[in-house]
Structure formats: structure tokens, C-alpha cells
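The values are calculated or read from the model by the stated rules, or taken from the named source; none is laboratory data. Just so you know, these numbers come straight off a predicted model, no measurement behind them. Reconstructed Cβ throughout: ideal geometry from the backbone, glycine too, with neighbour counts over all protein chains shown.
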Amino acid sequence: MTDNNEKKSDHNSPLSKPESQECCSKTNSCACTVGGEKGIYKFLIIFVIALIAVTYVQNLGGGMSEEAEKLWNTDIEKAQNLARESNKPLLISFHIPKCIWCDRMKSEVYSSDSFCSFASQNLVLLLVNGYKNREFAKKYNINGFPSYVLLNPEGEVITSFSGYMQTDSFISRINTATGQ
């Protein structure tokens, strides 16, 4: 009995090696960690699950409201003709898939009541996937996303800018550029 008690007290000693670190003495290496290989795998699994969860949460709400989607054209030629015919400026929004800031513009700014009201009265809107329309994006020197180009009804560039903006700032930027 004393042998068992001695082993238990030895095992609980702060100077004794935990069982999970026995590999260090076998390999003459301290590459093992407390918790052993199972501990590393548990950590990696938890890390990957957390990373997936964060990515999922960041991409929630990346879509536009139904009302907003109705305002946006995706056909470049059709949008250009509509701007010319209606004598309204054409706002081109360049975006790419899985872009957090692009998704936030869609869900927060483009879907807002104030932007939908403003755009329906003052603009023709064109949403362009920068990956699928690389040549069109290159024409306007688009280097980052989201980016915007505002054209007059004749197709001449009024201004261009990029990045996420709050709704009021976005509308103000367009109004300033168009002189409204």
C-alpha cells in the first residue's frame, strides 16, 4: 500500500512529469506539449470551428432587401441606356463575392429606406461583379472593393471613390458630385 501511495504522491508532485509528457523522455525532445498530441488536435479543432463561426457571422446580412434589389441593374449596356434615356447619373458599384465591406454596403446602405428613396428619384444604379467584369473594372481603374464610379447621363466620369460609408455620407458624396 505504501508503494501505491508513494506513486500517487510522486505523480502529484510539481516536479514529476505528467503522463502526457512522457514522449519527451522517450524522444529526447521537448516538442511535446502538456496534453500531448490529443491536446494539440483538440486545440486545432476548436480553432477551426471558431474560425468558421466568425466567418459565418461576418457574412450574415450580406444581401440587399427586395426593394433595393429591384433598383439595381446588373446588365451594363441596359443600365447605360437607361441613364441616357432618363437623363439621370449612373452610379456603378463594383463589388466582389465574400467581401465583408461590399456585403455591408448592400445590407446596410443600399437597403436603407433613405438610400432607396434617394436613388429611385435621382440615379440609375448598376451593380458590377469586379471579378466577372475585370475589363470593365479596369476601364475605370478599379483597384479595391467596394468602389463606385458616378457617370453623367452621357457616360462621362463625374467622380469615383471607394470603401464602406454610412448611408448619409454616401448620399452626401453623390449629391456633392452631382451638384445637388
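Structure notes:
- Whichever residue in the stretch 108-132 is in contact with a Phe, Trp or Tyr (Cβ under 8 Å, 6 or more places away or on another chain) and of a type in the set (Phe, Trp, Tyr) and, among such residues, is surrounded by the most Cβ atoms within 10 Å (Cβ to Cβ): Tyr110
- Put simply, of Ser172, Ser160 the only residue that is in contact with a Leu (Cβ under 8 Å, 6 or more places away or on another chain) and either under 18 Å from Ser65 (Cα atoms) or among the polar types (S, T, N, Q) (or both) is Ser160.
- Members of the stretch 139-164 that are outside any strand (DSSP E or B) and either of a type in the set (Phe, Trp, Tyr) or in contact (Cβ under 8 Å) with a residue 60 or more places away in the chain (or both): Tyr140, Phe145, Asn152, Pro153, Glu154, Gly155, Gly163, Tyr164
- Qualifying residue in the stretch 69-84 (condition: of a type in the set (Asp, Glu) and surrounded by 14 or more Cβ atoms within 10 Å (Cβ to Cβ)): yes
- Selection from the stretch 67-97 of residues that are at pLDDT 85 or above, part of a helix (DSSP H, G or I) and of a type in the set (D, E, K, R): Glu69, Lys70, Glu77, Lys78, Arg84, Glu85
- Applying the set (1) aromatic (Phe, Trp, Tyr); (2) closer than 12 Å to Leu91 by Cβ; (3) surrounded by fewer than 17 Cβ atoms within 10 Å (Cβ to Cβ) to Tyr148 leaves exactly one unmet item: (3).
- Only residues that are within 21 Å of the chain's Cα centre (by Cα) and either part of a helix (DSSP H, G or I) or free of Cβ contacts under 8 Å to residues at least 12 places away in the same chain (or both) were counted in the stretch 116-138, giving 3.
- In the stretch 27-53, the residues that are at pLDDT below 70 form Cβ pairs under 7 Å with partners that are among the β-branched types (Val, Ile, Thr), at six or more places apart or across chains, as follows: Thr33/Ile40.
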